Amino acid sequence: METSDRATRFYSDQVLDHLNPAMAEFVGRMEMAFISTADADGECDSTLRAGAAGFLRVIDSRTVVYPEYRGNGVMASLGNIMENPHVGMLMVDFADDLIGLHVNGRARIAPFEEFESLASASGEDKKVERWVVVTVQEAYVHCRKHIPRMVPVDRVRHWGTDDVKKKGGDFFGVKAGKTSNGND
């Protein structure tokens, strides 16, 4: 069968312009999402956003909101959203259902106060700096065929820390390499 025929059937059978109730429930229990953005020139960035289950909030069938916490100060995703509002989200359940959900849409950056009640209800109000509001344009399944099963383990997370070692330090040796090459 032609690839275009398969793609047409997939779009017809699996792609929505909103979140149905099963998708909304799935989003609400995710502890991480991969976020893809691009700047005005189309230069891409992909990043991980994580938090306790429920940090991604479904406001209604066409709106997903997630908090932005203090990060490394680069703000690549937010900078991209300011230049180009198109965003892709991929959420994957590696532990139970072995399935994923793609949500593509348009994003805007909202001040903390706009969704302050969400942060207050979960006790996050001192950590959240702002919100990203995604208007859903497409939502569809990510095939489970190649999703590995993973087992969550308890660990201490140092949310909001500025401690270099707790954040990962110079894990890949970039700073050390620049210093040793005189490229400081």
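Looking at (1) out of contact with any helix residue (DSSP H, G or I) (no Cβ under 6 Å at 6 or more places or on another chain); (2) within 24 Å of Phe115 (Cβ to Cβ), which is the one condition that is false for Asp5?
With (1) out of contact with any helix residue (DSSP H, G or I) (no Cβ under 6 Å at 6 or more places or on another chain); (2) within 24 Å of Phe115 (Cβ to Cβ) applied to Asp5, the lone miss is (2).
If we keep just the residues of the range 88-117 that are within 26 Å of His158 (Cβ to Cβ) and part of a helix (DSSP H, G or I), which is farthest from the chain's Cα centre (by Cα)?
Of everything passing the filter in the range 88-117, Glu116 is farthest from the chain's Cα centre (by Cα).
Of the conditions (1) under 17 Å from Val27 (Cα atoms); (2) surrounded by 12 or more Cβ atoms within 10 Å (Cβ to Cβ); (3) hydrophobic (A, V, I, L, M, F, W, C), Ala52 fails just one. Which one is it?
Checking Ala52 against (1) under 17 Å from Val27 (Cα atoms); (2) surrounded by 12 or more Cβ atoms within 10 Å (Cβ to Cβ); (3) hydrophobic (A, V, I, L, M, F, W, C), the one that fails is (2).
For every residue, the table says whether it meets (1) in contact with a strand residue (DSSP E or B) (Cβ under 8 Å, 6 or more places away or on another chain); (2) open to solvent by 70 Å² or more (accessible area, probe 1.4 Å); (3) touching a residue at least 60 places away in the same chain (Cβ under 8 Å); (4) of a type in the set (A, V, I, L, M).
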residue: Ala24; (1), (2), (3), (4): yes, no, no, yes
residue: Ala38; (1), (2), (3), (4): yes, no, no, yes
residue: Ser46; (1), (2), (3), (4): yes, yes, no, no
residue: Val65; (1), (2), (3), (4): yes, no, yes, yes
residue: Glu68; (1), (2), (3), (4): yes, no, yes, no
residue: Gly79; (1), (2), (3), (4): no, no, no, no
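Is it true that Arg149 is more than 18 Å from the chain's Cα centre (by Cα) and modelled with pLDDT of 90 or more? Even if it seems obvious, please write down each step before you answer.
Numbers: more than 18 Å from the chain's Cα centre (by Cα): yes; modelled with pLDDT of 90 or more: yes.
Criteria met by Arg149.
Yes or no, residue by residue, for (1) out of contact with any Gly (no Cβ under 8 Å at 6 or more places or on another chain); (2) crowded, with 16+ Cβ neighbours inside 10 Å; (3) of a type in the set (Val, Ile, Thr):
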site: Ile35; (1), (2), (3): no, yes, yes
site: Asp97; (1), (2), (3): yes, no, no
site: Pro111; (1), (2), (3): yes, no, no
site: Phe115; (1), (2), (3): yes, yes, no
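The values are calculated or read from the model by the stated rules, or taken from the named source; none is laboratory data. The structure displayed is predicted, hence computed values, not measured ones. Cβ: placed from backbone, ideal geometry, glycine included. Neighbour counts: every protein chain shown. Areas reflect the complete protein model, heavy atoms only, side chains present, ligands, DNA and RNA absent. Shrake-Rupley method; radii C 1.70, N 1.55, O 1.52, S 1.80 Å.
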